[in-house]
Amino acid sequence: MAFVSAGLFKHPTRCYRSTSIIGVGLLGTSTYRHDYKINRVSFPNSIPSSYYCCATLSTTMEEVKPAFDADEAAILVNGLRKTFNSGKTKSYEWRISQLESISKMVDEKEKEIIKALHEDLSKPELEAYLSEILMVKSSCTLALKELKQWMMPKKAETSLATYPSSAEIVSEPLGVVLIISTWNFPFSLSLDPVIGAIAAGNAVVLKPSEIAPATSSLLSRLIGEYMDQSAVIVVEGAVAETSALLEQKWDKIFFTGGARVGRIVMAAAAKNLTPVTLELGGKCPAIVDSNVNLQIASRRIVAGKWVCNNGQACIGVDYIITAKEFAPKLIEALVSAVEEIFGKDPMESKERSRIINSFHFSRLIKLLDEDKVSEKIVFGGQRDGSQLQIAPTILLDVPEDSLIMQEEIFGPLLPIITVERLEDSFAMINRKSKPLAAYLFSDDEQMKREFVHNVYAGGMAINDTILQVTVPSLPFGGVGESGMGSYHGKFSFDAFSHKKAVLYRSFAGESPTRYPPYTPGKQKQIKALLSGNIFKIILALLGWFKD
Amino acid sequence: MGIEVEKKAGFDTESAKEVVKELRASFVAGKTKTYEWRRTQLTAMLKMMDENEPQIVAALTDDLSKPELESSIYEIAMLKNSCKLALKEMKHWMMPKKAKTSLTSFPSSAEIVSDPLGVVLIISAWNYPFLLSLDPVVGAIAAGNAIVLKPSEISPSTASLLAKLVKKYLDCSCIKVVEGAVPETTALLEQKWDKIMYTGNGRIARIVMAAAAKHLTPVVLELGGKSPVIVDSGINLQVATRRIIAGKWGCNNGQACISPDYIITTKDYALELVDSFKCELERFYGKNPLESKDLSRIVNSNHFARLLKLLDEDKVSSKIVYGGERDETNLKIAPTILLDVPQDSLIMNEEIFGPLLPIIMIDKVEDSFDLINYSGAKPLAAYLFTNNKKLKEKFVEKVSAGGLVVNDTTVHLAEPSLPFGGVGESGMGAYHGKFSFDTFSHKKAVLYRSFAGDAAVRYPPYTAGKLRLMRALLGGSIMGIIRALLGWSKP
């Protein structure tokens, strides 16, 4: 494949390890785009590395026999732990050099990245640029700028109880961390956590998603080429490789994906008391009030649905809630925004990602073709299995018990639920699992306040969609079924740090009250001290002097 | 009413489900979310402690023969401080925190809103059965949650007192105590919670977290570990010794998760240190420490036997340089110091959690850092006594632990400005002060925009001009932006 470009062959020795793992891993994945995989697996043979060749040769001809097993994962972790214990990753210089390398890598390989994303998802270039490349770049830039500040111990107040003393909170790296990423934003959702992990001074294993194989393999190659191979490693693969990784002891696991696998990851982490960050999804609702600038609201909904990886985004709009009498107007505006943006025949538009693979394509078709649902289509509905495309589709008043209202849609279908009073929508949202995001379009201040106060979700945007993730001063993460823990900006640094409490005392300030034997006088004094009553303290002190 | 059902031996999954259901209804009704409710509950808790101090002290005596002063300070006063701090700061804590916004979402404003998580489970421990039960409850209330507290069955008097007092003073429709042991805890763990906070040991913590994983419930695990004390030479030895004693035997007779577990010192300083211990220990606890009223007893015969097993191991018992006396009927073990026990002994491989204190000797004090980090299990606390500034810096840089104290032991616990929690084997998550509030809150990111500031560049069709503009905008180059804008206006 043309995609296997010169970069790899220029640095065969530097990236052999991770590529080997990847090449093998792919064999175990789904059957989708089989020819592609064969290509990928066979190219490594030309790499003059015994390690690599062994791994590949033994499996190329066979069915599903992952060479990357628990033993190999253990060796990998061991190596990284050695690096971590040497203190290498802890230095400011190392962190900066690695972040700079990511920045450089993204600058130099922009075209390849866009190409891989196109291959995996037909992702439009501007979308790829904005949501993948730029996200990573700005995360890097911010971390490079702020890192010194983030790393600085934070002074903490001390109280009378330990007087005289001083205290600080020291951020220390957790150790060796595992990042398991996903396929919908396969580049940024892989590297954004890596940036946090590096900034915090950890050794990192990244397991990109096998469902976006072009990006996965590119990541492996680029990280092999640009990053410190003794501390930042990519392991490609699917279930078998991930299981092998999950059997190891990590100091943190950061997982982006679905709730089902999230549970498996957390259960595996429990065995080693490993803390987890789980970035999951959910059904993100958008409430649309009738007093809004309908053109802008519609455009922003379109932007948060079909312009956002064609709905395949964890914070994409999943469904809309609006007032019954407003629904026709809203539909009209949405349709005209869709047509304005994607043209009269959206199926022909190159501006939308395709559905990732045939599995998800049929999953979506199943949602769409359910009996009580298919008749509710008011716009769109066209599909093309060969191109894995489904047109932007709007459905009105689908029943609550339909599949499409029970599971996360993660695709270009947009149901609109109507309610009598918009206020009812809060309870409706809260009856479901807490989503990763909730959106409200309204000009009513009271409504906004109530929305923020009453609706439980990972994050929210008022009068827009998805933009909350571009603000690094806001934590990005779910709650309940949409996940736990958060990242972005300094929160990423914190997610991969332990906040170590440090209290400094001198040998002065010694009070005998603290020690046994506990005489009645001492008890009186301590109680007075602790109740903070100055008068009593004086009395007790006096009492103590003649104790 | 609920309490009666819960107290029956037959507290099973069904009863647990009922409890959660009732609490969830209260939570969904929004009852716990108001500032008023939170304030009332915390005030009631303060009142409960003021009015029942003798009962609390008596229960602690019953469970642990805990000296009154220790109970007053570490259990009651600490908790009162928590309540008072929360009452004072809660309004401030609850306030949404403004966040800066960037060019990408211009014009906009942003804030971080602290939402309660919902219905939370707090499983507590027996060593500070009052404090470790209610301190997390303070955080959970402050953050606006409905709560089930499961106190430890190993300190039954305190557990039943807690059940009685909580029912009497706090809002029963939102805060419940479930007493019980393994079956009750198991029944509770099968339910879906919005947070589980567990204080105890690593073995049970794994079970708790695995149970939590089924419902994607976040956990705080407050565990323990072998917390070391490094003692450098050239220090004020008397003060250092006293502070170690206060953190070891003065903290529930060593049965505290942040108690010094063992000491590391240099070969040439060890004897001096041992002498100082002998002298101070005798001053504090008298010639016959088994008789002292100022030492808690060992909580039960299981733990008594466990400790004796550590002490009576062949290669260990010969190392006793002070103490070693035991009184099985009263479950007392004297403060015991062991010098130079082998690294492969039991006592050096599990958390001691009792009045035994081994001293490990090394050649150079700097070697202690590697010794601590060697096991890979990060302790909940680590302590260093020194006057050497360089050594302090190295200690803070190199030793990984939940928290550190230089020139004292255990007192970091009393600083609400410091997060209290472990890392690795010593746990995850932290609490105390505002950290308690945060632990039981979800930080909800909220971005506000108006309908102004809508740029066509954001939407397809993606012309070359738009792409140029976007790159320039986001690259932050003013010239680039101008050029792109010009170019874009004539695509």
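Among the residues of region B:205-215, are any within 15 Å of the chain's Cα centre (by Cα), on the phi < 0 side of the Ramachandran plot and modelled with pLDDT of 95 or more?
yes
For region A:317-352, which positions are at pLDDT below 95, more than 11 Å from chain B (Cβ to nearest Cβ) and outside any helix (DSSP H, G or I)?
A:Lys344, A:Asp345
Identify all residues within region A:132-182 that are in a helix (DSSP H, G or I), of a type in the set (Ser, Thr, Tyr), within 11 Å of chain B (Cβ to nearest Cβ) and in contact (Cβ under 8 Å) with a residue 60 or more places away in the chain; write none if there are none.
Within region A:132-182, A:Ser138, A:Thr162 meet the criteria.
In region A:409-458, which residues are surrounded by fewer than 21 Cβ atoms within 10 Å (Cβ to Cβ), more than 14 Å from chain B (Cβ to nearest Cβ) and touching a Lys or Arg at 6+ places or on another chain (Cβ under 8 Å)?
Once the filter is applied, which keeps residues that are surrounded by fewer than 21 Cβ atoms within 10 Å (Cβ to Cβ), more than 14 Å from chain B (Cβ to nearest Cβ) and touching a Lys or Arg at 6+ places or on another chain (Cβ under 8 Å), region A:409-458 yields A:Thr418, A:Val419, A:Glu420.
Can you tell me which residue is most open to solvent (accessible area, probe 1.4 Å) among those in region B:216-237 that are facing chain A (nearest Cβ under 9 Å) and out of contact with any Cys (no Cβ under 8 Å at 6 or more places or on another chain)?
Only one residue fits best here, namely B:Asn236.
Just wondering, is there one or more residues in region B:315-326 that are hydrophobic (A, V, I, L, M, F, W, C), surrounded by 17 or more Cβ atoms within 10 Å (Cβ to Cβ) and under 29 Å from the mean Cα position of the chain (by Cα)?
No - not one qualifying residue is present in region B:315-326.
Kindly indicate the residue of region A:130-156 that is closer than 17 Å to A:Glu351 by Cα and open to solvent by 10 Å² or more (accessible area, probe 1.4 Å) and also modelled with the lowest pLDDT among those meeting that condition.
Selected residue: A:Leu130.
Which residues, taken from region B:35-45, are surrounded by fewer than 14 Cβ atoms within 10 Å (Cβ to Cβ) and either free of Cβ contacts under 8 Å to residues at least 24 places away in the same chain or of a type in the set (A, V, I, L, M, F, W, C) (or both)?
B:Glu36
Consider B:Ser65 carefully, then state whether it is of a type in the set (Gly, Ala, Ser) and either within 17 Å of B:Lys434 (Cα to Cα) or more than 12 Å from chain A (Cβ to nearest Cβ) (or both).
Considered against the rule, which asks whether it is of a type in the set (Gly, Ala, Ser) and either within 17 Å of B:Lys434 (Cα to Cα) or more than 12 Å from chain A (Cβ to nearest Cβ) (or both), B:Ser65 comes out as yes.
Within region A:204-250, restricting attention to residues that are without any contact (Cβ under 8 Å) to a residue 60 or more places away in the chain and assigned to a loop (DSSP other than H, G, I, E, B), which residue is farthest from A:Ser97 (Cα to Cα)?
Ranking the qualifying residues of region A:204-250, first place goes to A:Ser209.
Just the residues that are within 11 Å of another protein chain (Cβ to nearest Cβ) and either crowded, with 24+ Cβ neighbours inside 10 Å or under 13 Å from B:Met428 (Cβ atoms) (or both), please, taken from region A:490-499.
Correct list: A:Ser497, A:His498, A:Lys499.
Kindly indicate whether B:Thr32 is within 14 Å of chain A (Cβ to nearest Cβ) and either at pLDDT 95 or above or surrounded by 20 or more Cβ atoms within 10 Å (Cβ to Cβ) (or both).
yes
Suppose the filter is open to solvent by 20 Å² or more (accessible area, probe 1.4 Å), closer than 30 Å to A:Ile296 by Cβ and more than 7 Å from chain A (Cβ to nearest Cβ); does B:Arg458 pass it?
no
Restricting attention to region A:470-488, and to residues there that are in a helix (DSSP H, G or I) and surrounded by fewer than 24 Cβ atoms within 10 Å (Cβ to Cβ), which single residue is nearest to the other protein chains (Cβ to nearest Cβ)?
Top of the filtered list is A:Thr470.
Which one is surrounded by the fewest Cβ atoms within 10 Å (Cβ to Cβ) among residues in region A:285-313 that are over 22 Å from the mean Cα position of the chain (by Cα) and part of a helix (DSSP H, G or I)?
Here the answer is A:Gln295.
Out of (1) more than 9 Å from chain A (Cβ to nearest Cβ); (2) touching a residue at least 40 places away in the same chain (Cβ under 8 Å), what's the single condition that is false for B:Asp367?
(2)
What are the residues in region A:210-255 that are among the polar types (S, T, N, Q), within 18 Å of the chain's Cα centre (by Cα) and open to solvent by less than 10 Å² (accessible area, probe 1.4 Å), if any?
Answer for region A:210-255, where residues must be among the polar types (S, T, N, Q), within 18 Å of the chain's Cα centre (by Cα) and open to solvent by less than 10 Å² (accessible area, probe 1.4 Å): A:Thr215, A:Ser216.
Evaluate the following for B:Phe284: is it outside any loop (DSSP other than H, G, I, E, B), of a type in the set (Phe, Trp, Tyr) and buried (at least 24 other Cβ atoms within 10 Å of the Cβ)?
Criteria not met by B:Phe284.
Output the strands (runs of 3 or more DSSP E) that fall wholly within region B:345-448 and possess 1 or more residues being open to solvent by 50 Å² or more (accessible area, probe 1.4 Å) and either of a type in the set (D, E, K, R) or at pLDDT 95 or above (or both), or say none.
Output list is empty.
For B:Leu87, state whether it is surrounded by 19 or more Cβ atoms within 10 Å (Cβ to Cβ) and at pLDDT 95 or above.
The answer is no for B:Leu87.
Criterion first (of a type outside the set (Asp, Glu), assigned to a strand (DSSP E or B) and either open to solvent by less than 60 Å² (accessible area, probe 1.4 Å) or at pLDDT below 60 (or both)) does A:Leu542 satisfy it?
Judged against the criteria, A:Leu542 is not a match.
In the set A:Val276, A:Val265, which member is touching a Lys or Arg at 6+ places or on another chain (Cβ under 9 Å) and either surrounded by 18 or more Cβ atoms within 10 Å (Cβ to Cβ) or within 14 Å of chain B (Cβ to nearest Cβ) (or both)?
A:Val276 is the lone residue from the list that is touching a Lys or Arg at 6+ places or on another chain (Cβ under 9 Å) and either surrounded by 18 or more Cβ atoms within 10 Å (Cβ to Cβ) or within 14 Å of chain B (Cβ to nearest Cβ) (or both).
Given the structure, is A:Ser97 hydroxyl-bearing (Ser, Thr, Tyr), touching a helix residue (DSSP H, G or I) at 6+ places or on another chain (Cβ under 7 Å) and not in a strand (DSSP E or B)?
no
Out of curiosity, is A:Gly201 crowded, with 23+ Cβ neighbours inside 10 Å, touching a residue at least 24 places away in the same chain (Cβ under 8 Å), within 14 Å of chain B (Cβ to nearest Cβ) and over 30 Å from A:Pro328 (Cβ atoms)?
yes
Of the residues in region A:157-198, how many are polar (S, T, N, Q) and either modelled with pLDDT under 95 or closer than 23 Å to B:Gly424 by Cβ (or both)?
Number of matching residues: 6.
Under 9 Å between Cβ atoms, at least 6 apart or on separate chains: pull out the pairs that start in region A:367-395 with a residue that is on the phi > 0 side of the Ramachandran plot and end on any residue that is of a type in the set (Ser, Thr, Tyr) and open to solvent by less than 40 Å² (accessible area, probe 1.4 Å).
As it stands, the answer is A:Gly380/A:Thr393; A:Gly381/A:Thr393; A:Leu388/A:Ser122, since those pairs meet every condition given.
Which residue is nearest to the chain's Cα centre (by Cα), if the candidates are limited to region A:119-131 and must be within 13 Å of chain B (Cβ to nearest Cβ) and in a helix (DSSP H, G or I)?
Restricting to residues being within 13 Å of chain B (Cβ to nearest Cβ) and in a helix (DSSP H, G or I), the top hit is A:Ser131.
Has region A:103-110 got any residue that is out of contact with any Ser or Thr (no Cβ under 6 Å at 6 or more places or on another chain), under 26 Å from A:Glu241 (Cα atoms), open to solvent by 80 Å² or more (accessible area, probe 1.4 Å) and at pLDDT 50 or above?
no
The values are calculated or read from the model by the stated rules, or taken from the named source; none is laboratory data. Note that the structure is a prediction, hence the values are computed from the model and not measured. For neighbour counting, all protein chains shown are included, and Cβ atoms are generated from backbone atoms with ideal geometry for every residue, glycine included. Side chains are part of the model used for accessible areas, which takes the heavy atoms of the whole protein and leaves out ligands, DNA and RNA. Shrake-Rupley method; radii C 1.70, N 1.55, O 1.52, S 1.80 Å.
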